[in-house]
Amino acid sequence: MLNKPRGLVTTAEDEQGRETVYAALPSGLPWMAAVGRLDKASEGLLLFTNDSQWAARVTAPESHLAKIYHVQIASVADESLLSGLVNGVRCEDGEVLRAKQAALIRTGEKNSWIEIVLDEGKNRQIRRMLEACGVEVFRLIRVAVGPLELGQLEKGKARELTPDEKEQLQRALKNAAL
């Protein structure tokens, strides 16, 4: 797992010469692919593996594996916004996107932190939903994938999953298949 900092792109090679997430991984690792994506402006938990079948199971929409995000927005979140994210938001392209859950974490005078849970991720889904609601995103951090939590892993640092974490994720994937 990697705590992806803002500014890195989730790709092995970038045709525009931008720095990639591979710059944050320890040297000497075998070939690994990112499991899913986080856009350049997003931060947080990103998994890597050399098992493409396992990666496909983790990212498959039918796995319904929860991905939890903490999002700082440029407004004070209210119940209308939170329920709208769960009920569905029609985006500019006509697609309706929904969050599985949305809750207020904390609020200030001019901004809020909200928690959004997705059980399937579409390209820039959270940013697109909030944009359709007229809400600017300041920060977007993925804090968990299924039972795996980012925890205290420092930004820009990576570590191997523990055997217990691997087992927890396998159980979550099996339970989702039932």
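Laboratory data are not the source of any read-out in this text; all were calculated from the coordinates shown. Predicted model, so just to flag it, every value in this text is computed and none were measured. Here the Cβ is made from the backbone with ideal geometry for all residues, glycine too, and neighbour counts use every protein chain on show.
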_Hits in the stretch 119-146 (condition: within 17 Å of Thr59 (Cβ to Cβ), crowded, with 16+ Cβ neighbours inside 10 Å and not acidic (Asp, Glu))_ = Gly121, Arg124, Gln125, Ile126, Arg142, Ala144, Val145, Gly146
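Considering every residue within the stretch 45-57, establish whether at least one is of a type in the set (Gly, Ala, Ser), touching a residue at least 40 places away in the same chain (Cβ under 8 Å) and either farther than 20 Å from Glu13 by Cα or surrounded by 17 or more Cβ atoms within 10 Å (Cβ to Cβ) (or both). Talk me through it step by step, then tell me what you get.
Keep residues of the stretch 45-57 that are of a type in the set (Gly, Ala, Ser), which gives 52, 55-56.
Then drop every residue that is not touching a residue at least 40 places away in the same chain (Cβ under 8 Å), which leaves none.
No, every residue in the stretch 45-57 fails to be of a type in the set (Gly, Ala, Ser), touching a residue at least 40 places away in the same chain (Cβ under 8 Å) and either farther than 20 Å from Glu13 by Cα or surrounded by 17 or more Cβ atoms within 10 Å (Cβ to Cβ) (or both).
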*Identify all residues within the stretch 84-110 that are farther than 16 Å from Ile126 by Cβ and in a helix (DSSP H, G or I); write none if there are none.*
none
*Restricting attention to the stretch 96-115, and to residues there that are farther than 21 Å from Gly146 by Cβ, touching a residue at least 24 places away in the same chain (Cβ under 8 Å) and within 20 Å of the chain's Cα centre (by Cα), which single residue is surrounded by the most Cβ atoms within 10 Å (Cβ to Cβ)?*
Ser112
*Among the residues of the stretch 116-125, which ones are touching a residue at least 60 places away in the same chain (Cβ under 8 Å) and in a strand (DSSP E or B)?*
none
*Mind checking which residues of the stretch 91-111 are of a type in the set (D, E, K, R) and touching a Leu at 6+ places or on another chain (Cβ under 8 Å)?*
Arg98, Lys100
*Within the stretch 18-61, how many residues turn out to be β-branched (Val, Ile, Thr), within 22 Å of Lys155 (Cα to Cα) and not in a strand (DSSP E or B)?*
1
*Given the conditions (1) part of a helix (DSSP H, G or I); (2) touching a helix residue (DSSP H, G or I) at 6+ places or on another chain (Cβ under 8 Å); (3) under 26 Å from Gly7 (Cβ atoms), which single one is not true for Gly156?*
(1)
*Scan the stretch 77-95 for residues that are surrounded by 15 or more Cβ atoms within 10 Å (Cβ to Cβ) and among the basic types (Lys, Arg) and report the count.*
0
*Please name all residue pairs, on different chains or six or more residues apart, with Cβ atoms under 7 Å, provided the first residue is in the stretch 129-143 and is assigned to a loop (DSSP other than H, G, I, E, B) and the second residue is not hydrophobic (A, V, I, L, M, F, W, C).*
Cys133/Gly84; Val135/Ser75
*Report whether or not Tyr22 is surrounded by 17 or more Cβ atoms within 10 Å (Cβ to Cβ) and farther than 19 Å from Glu149 by Cβ.*
yes
*State yes or no: is Leu2 surrounded by 19 or more Cβ atoms within 10 Å (Cβ to Cβ), among the aliphatic types (A, V, I, L, M) and in contact with a strand residue (DSSP E or B) (Cβ under 9 Å, 6 or more places away or on another chain)?*
yes
